[in-house]
Structures are given as structure tokens and as C-alpha cells.
Ligand code: NAD
């Protein structure tokens, strides 16, 4: 028996990276996957990949930072499926902004709007579709929500906020049969780190990857599919007694005082 047979799963930020890998894994496990993203063209490519593998999916445009756009997504889910079983709030952006006294106010607002407020808005409008049957919500926090990075206070604030927002949601909906957990990735090889530090071919990007592999006890960056399988655990009944929890999947970074 596949783990998500007959389930409707909504994944935000599913055009690339962790969201895309999770869409593929959820579809392999029998879910009908609604791939929602601001980049519709790339999301359609994700859907095509799923369909070619024999899975069920559709691409829907959403900007998670915009109330009207999220309401439109929820309206579409209501009229097409009636209920939702799994919501993966994964859409996110990250950028360095400098120290707090130099940090651009617009950038801080933008990161909070997409990462934190986007998680709130999507939950706010999709949860009504989960109240009848219950389900599982997974929010993407980060190891950057548990500890801090240089020059990235906006992202640290957003991801730390998501971790505690997750606990608040878990308490609010426990008696409704909706479990809510967060997933905190370490450094994962996705387009997000290309935009943050440069691609594999750039000198800076290469240095970042080498340094990250060195400080990671498992000795390498994570792969998107390694996050998808953790999301699958949280989405499925395998985690039926887990709620209000943050699962860190970071190759051991948060566990050590010194890697050598
Ligand atoms: P990614 O850039 O590959 O994916 C992010 C996705 O979000 C993209 O498809 C993008 O189009 C979409 N998106 C951006 N803004 C949006 C908006 N306003 N509305 C809807 N969709 C939007 O990056 P990723 O690494 O796969 O990131 C996925 C999540 O994992 C993010 O929340 C990120 O913060 C988190 N994360 C990533 C890492 C890492 O090292 N890659 C580490 C920790 C946490």
C-alpha cells in the first residue's frame, strides 16, 4: 500500500528544489499533488515529470505573500477537490542583507512576507478544507531558524518564527485531527543556494559548498530528495503521534561543537 493513496497534497514552492523533489515523492506514494508556485512555467515542468512517471498532479499559480492569490488557490482547491489532506508550506526566499543597522527594510519585509506570512496565509485559507477529515501540515523552517547566520537576520527571524508558529498551529488544531510539524533542512543543493552564494562553477559558490561539506558531520550537502522523504514521513500516518515537532535534517550540523 502506498503511503499517500487517495490523498490530496498541496505543496507550495514546487517548481524547483525541495518542493519539486517532494512533489515527485508524494506522487510516487499515490497522492494527487497540487503543485503551487509563483513560477507557473517551471511548475508545469514538475507536473509533466510526475505525469510521465504515471502520477497525478496539477500546476497552479500562487504568490503566497498575497492574500488574493492565496484565496484564489483555496477557492480552486475547494471547487476541484473539496478537501485537502496534506499541506506542505515550503515556498521560501533567502538573501543576505548585511548587519541589522544596514539591512534594507524592503528586503526584511519581503522575506517575512514570503517565508513567514506566506506560511500563515496559506494555512489560514487551506485549513478550512482540512477540518472535515483532518490531515498533516508541514512548514519549512531551517537550521537558520534554530541558530543564526551572518548578515541574514531577516531569514533567521522568518524561519525562527515559522518554528514557533508551527507549535501554535499544532496546539490550535490537535483536537481537529490536524497534525502540524516543521522540517528544518541544513544546506541542501538547490537553486536557492545558487542565488544566495553562487553556482557550483563560481569561485564563491564552490568555496561555500566546500566549507559547508567540511563543517557538516556527514561530510556533504544534502539532496532535495533527502528532505522529501522526511516530509513524506511527516505527511503520512507513519508519524501519526507526532505533532508540534521540528525535525532537523542537516547532516548533523546542529549536533556538534566542532566537526574535526
Ligand atoms: P528553491 O529556490 O529551489 O525553491 C523555492 C521555491 O519557492 C521556488 O520554486 C520559487 O519559485 C518558490 N517561491 C518563491 N517565492 C514564492 C512566492 N511568493 N509564492 C509562491 N512560491 C514562491 O529553494 P529550496 O532550497 O528548495 O527551498 C525550499 C524551502 O526550503 C524554502 O522555504 C527554503 O527557505 C527552505 N530551506 C532551504 C535550504 C537549502 O539549503 N536549500 C535550507 C534550509 C531551508
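Every number here is computed from the coordinates shown, using simple stated rules; none is lab data. Fair warning: this is a prediction, and the values are worked out from it, not measured in the lab. Every residue, glycine as well, gets a Cβ built from its backbone with ideal geometry; the counts of neighbours run over all protein chains shown.
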Pairwise label distance in nanometres, residue 202 with residue 80, each label 7 Å out on the Cα-Cβ vector: 3.4
Max mean-square fluctuation residue, GNM over the chain, Cα-Cα springs under 10 Å, options 133, 164, 89: 133
Order of 81, 155, 241 under a 10 Å beta carbon neighbour criterion, fewest first: 241, 81, 155
For the chain, built as a Gaussian network whose Cα springs stay under 10 Å, the top-fluctuating residue of 12, 229, 83: 229
Ranking of 223, 159 by count of other Cβ atoms within 10 Å, fewest first: 223, 159
Per-q log10 I(q)/I(0), the chain, q = 0.09, 0.11 Å⁻¹ (Debye; single scatterer per alpha-carbon; no solvent): -0.37, -0.56
Spread of Cα-to-Cα distances over 5 Å intervals beginning at zero, given as percent, for the range 1-138: 2, 11, 20, 22, 19, 12, 6, 4, 2, 1, 0
Fewest-first ranking of 256, 173, using other Cβ atoms within 10 Å as the exposure measure: 256, 173
Value of relative contact order over the range 110-260, rounded to a whole percent, pairs C-alpha under 8 Å and six or more apart: 27
Euclidean distance between Cα centres, the range 195-220 to the range 109-132, Å: 31
Within a Gaussian network of the chain (alpha carbon springs, distance under 10 Å), most fluctuating of 19, 92, 205: 205
The range 1-81: projected area of the alpha-carbon convex hull, averaged over directions, in nm²: 4.9
Three principal axis lengths of the range 157-198 [C-alpha, angstrom, descending]: 45, 19, 13
Average Cα contact separation per residue, the chain, under 8 Å, 6 or more apart, as relative contact order %: 19
Hull-based mean projected area of the range 128-260, where the convex hull spans the alpha carbons, in square nanometres: 9.1
Size descriptor, Kirkwood hydrodynamic radius, that averages inverse alpha-carbon separations across the range 101-205, Å: 15.2
Extension gain, residue 256 back to residue 211 (0.36 nm per residue minus Cα-Cα distance, nm): 14.6 nm
Share of Cα-Cα pairs in the range 94-149 lying beyond 12 Å, as whole percent: 74
